[in-house]
1. Can you find, within the stretch A:685-705, the residue that is farthest from the other protein chains (Cβ to nearest Cβ) among those that are more than 11 Å from residue A:634 (Cα to Cα) and buried (at least 20 other Cβ atoms within 10 Å of the Cβ)?
2. Please pick out the residue among A:485, A:563, A:505, A:551 that is at pLDDT 85 or above, under 31 Å from the mean Cα position of the chain (by Cα) and either within 30 Å of residue A:593 (Cα to Cα) or assigned by TED's automatic domain parsing to the domain that holds residue A:73 (or both).
3. If you go through the stretch A:706-727 one residue at a time, do you hit one that is away from chain B (no Cβ under 14 Å), surrounded by 23 or more Cβ atoms within 10 Å (Cβ to Cβ) and part of a strand (DSSP E or B)?
4. Against the condition in a loop (DSSP other than H, G, I, E, B), in contact with a helix residue (DSSP H, G or I) (Cβ under 7 Å, 6 or more places away or on another chain) and surrounded by fewer than 16 Cβ atoms within 10 Å (Cβ to Cβ), how does residue A:847 come out, does it pass?
5. I'd like the full set of residues that are crowded, with 23+ Cβ neighbours inside 10 Å and closer than 10 Å to residue A:275 by Cβ, limited to the stretch A:409-427.
6. Being assigned to a loop (DSSP other than H, G, I, E, B) and either within 24 Å of the chain's Cα centre (by Cα) or farther than 28 Å from residue A:423 by Cα (or both): is that true of residue A:196 here?
Ligand SMILES: [Zn+2]
């Protein structure tokens, strides 16, 4: 039923649990449900108790529903924080088979078996027990289900700067924003509600001679006229270092089809921040304080005054301070019968109390003992009044245990909290950043005072008299019999707090984790202070000594997609394409991501699989000739008087004696002695070097080079230029490679590990005679923007020589046969050069990064370490990469297969691989099993040296 | 999200920078093995100010020495290395 005169026109159809209803434009889902007489909205998290609507804003702990369907389905949405739109579909959660008959409610009756710390206790027990509980509890306890379909909507990010950012468009925030905007500052005002005004929307006050809500709209017009930006449905969720605020703007309601992006994540860097975040009401503690029909007084007032909805027919108002009385007047205005006002104080005075006494039965020294329900909803209550007891029949209990300033953002910003013993509340202390709290967030309850702090003497007319000054009242405490909740969302009761106390969990951080207090999606916005007061009383200490838990962002839950923004799917990261991408495409390349690059994996002929193509391509290189794109390799040029000193510090192998025009293989180590990267180092001129390293490590090496130069060598005179993307690279390999090259450059090919400058197709190139494949091979470097003609000339020449192109897989097969390691596979961050058989290559005198780490006894002893070995499959099937090496299936692993490849040089079907094996060097000749239980594969292997092809290296020579 | 005042580029957002390590954990090339491992694995880790090395990796590339409070995140001094 709906009363009052403030009702807006417009009928909005929606459904709840499949039932069709009508609401009105501007209603929240909660307001519309209450207007339709729907009281039970959800089942609770642990005990499956029926729950209704307790609040009217984002602090709602109970009325969590799922809104929307398909990929737009949003679980755990507060019914109080979604505005009605035509066709809104909402369903209740955590109830099976239905909201009215929920089988899980048996949890409530068995609650003695699910005490606080249940999970901890269970997990300390035998695993067989928690395996069983886990299955049962996971089905029974929980919140809404995440959608499985992809989210069809767009999310965006925006950055903005403000001289003054104001959070909250209540009276204090509006006043502050208006003053700042009209003084010429760049102003941004954020409001999580759809309307400005905050508490004014539920208050019968007038400001400057107009009703509060109208005054608020006028203020927004003034702020905008002065150039300020006002964002509604925008919640400041995080306050980070250096006045950086993140805020989430809802451009459409949950589940609604948006006309553009559905949400926008704002990143706001601000000179000054004003927090006008208001205050939230505390619940009272009594048995059954979670029954549908029990509601915060401010919420009841909001439903009546703002939405014109009567949340019940017969109401009791229970309060511990003046402001609670306002609910009685607002409810009476929409036709609710006020059965009683129960005030915990023995002798309340003041205009509000006075006005109330003349209209309602006011009882002082009166406390609610228990609420009574029938069919899951409130039907009455028992109260202690003076020395006696009295029962009341009521379907609405509006409760107020005082107000708590909303200081989440203030705390996130590092601001201090100060306990005010009069209000029994935490108030904002000194801020760490350039911010200030204003209005109700400071504990100030009087509207005229709030406004005159910001605007000079605004006339405020409050027909009920200045009431706010007396709030927040003290947290009202009592021992409760039966289930009295302090965390409604996580079903934490006063009994749970007492149990935690008895079991030795005293600090607030421990109690929080043991009972899960405040760990729900509402982060305990309503009950936290009440719980802290209970904990203080249990310990017999003052409230400040009970401590506080950390306020963590986000203030309200944020959809994961809002953080991702546009970075989803193909936009998750930049796709980097090689300069020759179009030519590979034309040759039928199949692509594979390698580091940040897309590289050709193979070039399958029609009807050929990638595996078949790779073997064909590798065999082509072994028998004739091929070319492969190696442009993505990291390349650095080092030049200057101290270039040699820098190369010596980074590379662990000898380089000083390298002649100009010569190169050699090298490794770079981390400080702990493990291999970080490998590549080749070339002396291009006396004080000019070219060093290549792996594709995947390019960014890390770029940093490493300048770190060593600037931090370790105190700014040595050596230029480091990352030429990785300036030089494209093509490797030419195979028995015919030398002949193909000389035909193109009209000059002699360099000897193995030699370097010459030449031209191909009229384009200057640098030819490095290095081999990865184990065949005579050359890397041809050319300016990236001129690589096209060079590739075409090379391609034509290799095709004429009976060869062609090969991809990454063929390259990998070839290097496995040759025993070359790959960073990330064999060099996995736990291997030293000695583990990889390269110990003898290092400079004995040290002086390179990592030399000290290698001196550790655990590394200098080779026994017990995992060494690189080669393995040959004895069974006729592929080796499972990543498999463990065991003596017998089921035994402890002694190593693992790092890479597997089909044998190229020998006959069909044979598989080989590289592996890391404990004491592997001493175990050549052993037969082991490569066992992969996850893939249900086991292949017998022969352990041998990591070299399957041309161990003497004769094929490098012409 | 800190603002770091790069001596070359001015105040820039933390995302542009990469934290490297504290100054006391820099391993010099001529440190002996014992000193080197102690620098690497035994840190002072004070509750308060510390000198740290950062690089403006997505900006000018400069290596920086920052004096930063590890509780408040306040940066009291920045210099190019
Ligand atoms: Zn910079």
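The values are calculated or read from the model by the stated rules, or taken from the named source; none is laboratory data. None of these values were measured; they are calculated from a predicted model. Neighbour counts run over all protein chains shown; Cβ positions are idealised from the backbone, glycine included.
1. Result: A:689.
2. Within the list A:485, A:563, A:505, A:551, the selection yields A:563.
3. No, the stretch A:706-727 contains no residue that is away from chain B (no Cβ under 14 Å), surrounded by 23 or more Cβ atoms within 10 Å (Cβ to Cβ) and part of a strand (DSSP E or B).
4. Against the criterion (in a loop (DSSP other than H, G, I, E, B), in contact with a helix residue (DSSP H, G or I) (Cβ under 7 Å, 6 or more places away or on another chain) and surrounded by fewer than 16 Cβ atoms within 10 Å (Cβ to Cβ)), residue A:847 qualifies.
5. A:409, A:410, A:413
6. No: the conditions fail for residue A:196.
Condition check ((1) at pLDDT below 95; (2) buried (at least 18 other Cβ atoms within 10 Å of the Cβ); (3) in a strand (DSSP E or B)) across all residues:
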position: A:604; (1), (2), (3): no, yes, no
position: A:608; (1), (2), (3): no, no, no
position: A:617; (1), (2), (3): no, yes, no
position: A:627; (1), (2), (3): no, yes, yes
position: A:632; (1), (2), (3): no, yes, no
position: A:636; (1), (2), (3): no, yes, yes
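One line per residue, one yes/no per condition, for (1) in a strand (DSSP E or B); (2) closer than 22 Å to residue A:595 by Cβ; (3) within 14 Å of chain B (Cβ to nearest Cβ); (4) touching a residue at least 60 places away in the same chain (Cβ under 8 Å):
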{"residue": "A:785", "(1), (2), (3), (4)": "no, yes, no, yes"}
{"residue": "A:791", "(1), (2), (3), (4)": "no, yes, no, yes"}
{"residue": "A:795", "(1), (2), (3), (4)": "no, no, no, yes"}
{"residue": "A:816", "(1), (2), (3), (4)": "no, yes, no, yes"}
{"residue": "A:837", "(1), (2), (3), (4)": "no, no, no, yes"}
{"residue": "A:843", "(1), (2), (3), (4)": "no, no, yes, yes"}
{"residue": "A:888", "(1), (2), (3), (4)": "no, no, no, no"}
